[in-house]
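Here, each number is a calculation from the coordinates, and none is a lab measurement. Model, not experiment: these values are computed from the prediction. Every residue, glycine as well, gets a Cβ built from its backbone with ideal geometry; the counts of neighbours run over all protein chains shown.
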Amino acid sequence: MRSAWGRRGQFQPPGPPCQPQSQRFVTTFCTAFALPFAATCLLTHSTLLPETGNPLVDTNYFDVVVYGSELTGLISASLLGRRGLRVLLCGHDTVPATFQAGPYTLAREPGTLPPPDSEPVARILRELGHSQIVRRRAPQAQPSLQFVFPNHRVEFSSSVEAVLAELVREFPEDHGTVEAILARLRSTSAILDPLLGSDMTLPPQGFWERRDVSRVQAQLPSSQADLLAPLGPYHLMRAGIAALGALASGFSPADLGSLVQARAYDVTRRGFHRLATEADLRTLFLDKLSTFSGEIREHVVPTELVWRRGNLNGLRVRPRNETIGFGRLIWASSASSLVALAGSETPRRLREIASAIRPACFRYTLCLLVRPEALPEGMGARVIAVKDPAKPNLEENAFSITVGLPPPRQQSQIPVWLECLVSASASESLGYLSVVRARLREELMRIMPFHDQHLLVVASPHDGLPPELGPAARAEPGEHGRLPGIPPTPMTPALSCDLQRVLGLGGAPHTTGLKNVFLASNENLPGLGREGQFVSAWGVARLIAEPTQHRPSRKREILIEEI
């Protein structure tokens, strides 16, 4: 046998006796370097068939693909990128965060944020390194909440003594009853804090998680309990808290439970934090995803799910007609849109989820840009206005006013958002939305009587009407003539859910019945509103990055012992 050691103690690969040394070097180089490099190139770049033009292999592959415009998907993509997975985010730009209103750029939604020190939000900010940035850019507004009625105004803050003084002034006859009810709402909401801050997926996925949730459920009042009793059906405080629950959560007014109202009041009372716009909030997570080497693609439209040998492992998208391979898919949109994409391959479980969750109302938004003089003295950053407690919390009868922060270089331009709910049937008519717009502006005159004199522009991304320039804008040069209409974009739905609700707050589970496909949207925890988006994002990231470790089989241990 020939030795592998050559002259001078150097190692040489053994070869045939008649093979020259130079030929052995070429053979070794091709085997060790050239062939693996060629194979890598073939796997990295798509090879097209001459006849069909279809790719032989996936053009690219990711551990996780996140598709959809919901904030839940964006947060989960940032968490998974931080935990070392290769993540692709696409479809986040299907609903733009801003729109053009003449010479001004307006945000579709205010950049509201739950209290950053609450554990469901704090743990995400800590992991992404955003705690100090958010505290600097999103200061707490004081007062955190105001209820405005035709003849009453109540301010709420984290100080119980200050709230009690407000109640004594506005409700001198029954302030004690109202204070006891508010204390009941706070204590009921506090029962949820350990659960929402735990390392548990909500809605729960397995037996052990369901057991832990049922233990918390046993501590809460029953779903039929009226936490606002003994207030009358048309009491102002009952109407205000109900309107807050409808406008702060993802449920329709008819689907609100007592726990949804309690949580909405407690979270808003503890601290209302705001960034300049919703676009700024999304930018925080987009920048963090890019930092973690995540890939972001714009203007991507999915066309079909790709199956191979019975396994779902790809998503075909336009406009490049490419197939994106994935290990997991997070669908950050509605379950019904996933059903439409899956087509005939939709499992029964997913069809049941999509049919049980449907929009009952839609959130209409009217955006204003005003001078600081338009804001009345003492007006807070978050106002819930109720016109008539005896009427439903829809349209101009119950709406919210959110005052944003001015841009750093334009301190004289204050963004203001008016939001109300419109029934699903009425939302289909752009003409009716124009009527809602006129009524909202009329009611706004009661709360901000001088805003029209300091108005720059008012516009809505939903009704298709052109923006209206105010007197303050007309005083600036170059602002003349009628502006074109704004193309309407979809409104955010307020849901009605027939599924079994977890704690009265949850809706659709994360699992969809499609293997390796997860739902991460407002449909998971609509009862928690913005806070629910953070809880849901944490849960779906945990399902993917930290898969459940199966316990070792007891049967296997017995067989080993018997042997």
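Structure notes:
- Here Lys387, Lys515, Lys288 are placed in order of increasing Cβ neighbour count within 10 Å, fewest first, which gives Lys515, Lys387, Lys288.
- Here the contact order of the stretch 191-336, divided by its residue count and restricted to Cα pairs under 8 Å and six or more residues apart, works out to 10 percent.
- Residues Val65, Val213 arranged by fewest to most Cβ contacts within 10 Å: Val213, Val65
- Pairs of Cα atoms nearer than 8 Å and 6+ residues apart set the relative contact order; for the stretch 478-545 it is 21 percent.
- Other residues with beta-carbon under 10 Å from the beta-carbon of Gly197 carry, at +1 per Lys or Arg and -1 per Asp or Glu, a net charge of -2.
- Charge dipole (debye, nearest 20) of the stretch 305-427; +1 at Cβ of Lys and Arg, -1 at Cβ of Asp and Glu: 860
- Near Ala165: Cβ cut-off under 12 Å, other residues only, Lys/Arg at +1 and Asp/Glu at -1. The net charge is -4.
- The stretch 192-259 and the stretch 334-357 have Cα centres lying 27 Å from one another.
- Kirkwood Rh, Cα atoms: Rg over Rh of the stretch 136-246: 1.04
- The charge dipole of the stretch 109-200, taken about the Cα centre with unit charges on the Cβ atoms of Lys, Arg (+1) and Asp, Glu (-1), comes to about 380 debye, rounded to the nearest 20.
- Share of pairwise Cα separations in the stretch 254-363, more than 23 Å, in percent: 55
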